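Report on one structure; see the data block that follows.
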């Protein structure tokens with residue numbers, strides 16, 4: 001069965017039978033929806049223009065929707081990480097965050113917006129790419 005681990009290769013039916021998974025699939029093709037069939041015959045409506053901020057740039061939501069998320073890492077005390085995960089999990093039904101990443105992004109956005117409001121007249125600062133912040137000893141060390 002090792003040769004079946006390559007991407008795109010078909011599983012060995014005998015190996016699947018030994019695992020008890022060779023039976024017919026219980027999945028079935030979904031029936032076409034009446035709404036989908038009805039809409040298929042209509043011309044597509046023109047998309048609404050993207051909202052534009054006073055600076056002439058597309059709205060923040062549009063900028064975020066276009067770019068794929070990038071992984072970010074940072075150091076955090078273990079107790080704080082435990083507390084963060086507990087807050088996320090215990091409020092998930094109330095807040096509707098679908099993932100811990102979504103929860104963290106909302107918290108960061110809230111803090112950044114507050115800092116922009118307090119120290120930059122509510123305007124966004126020019127973005128900084130990764131590695132543009134000086135590295136080494138933290139300030140005040």
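Derivation of every value follows stated rules applied to the coordinates shown; laboratory data play no part. Please read all numbers here as calculations on a predicted model, not as lab measurements. Virtual Cβ from ideal backbone geometry, glycine too; neighbours counted across all protein chains shown.
A few notes on this one:
- Remark: 73, 99 ranked as 73, 99, counting other beta-carbon atoms within 10 Å and listing the fewest first.
- The range 78-125: proportion of alpha-carbon pairs further apart than 12 angstrom, %: 67
- Summarising the label geometry, the points placed 7 Å from Cα in the beta-carbon direction at residue 92 and residue 76 lie 1.5 nm from one another.
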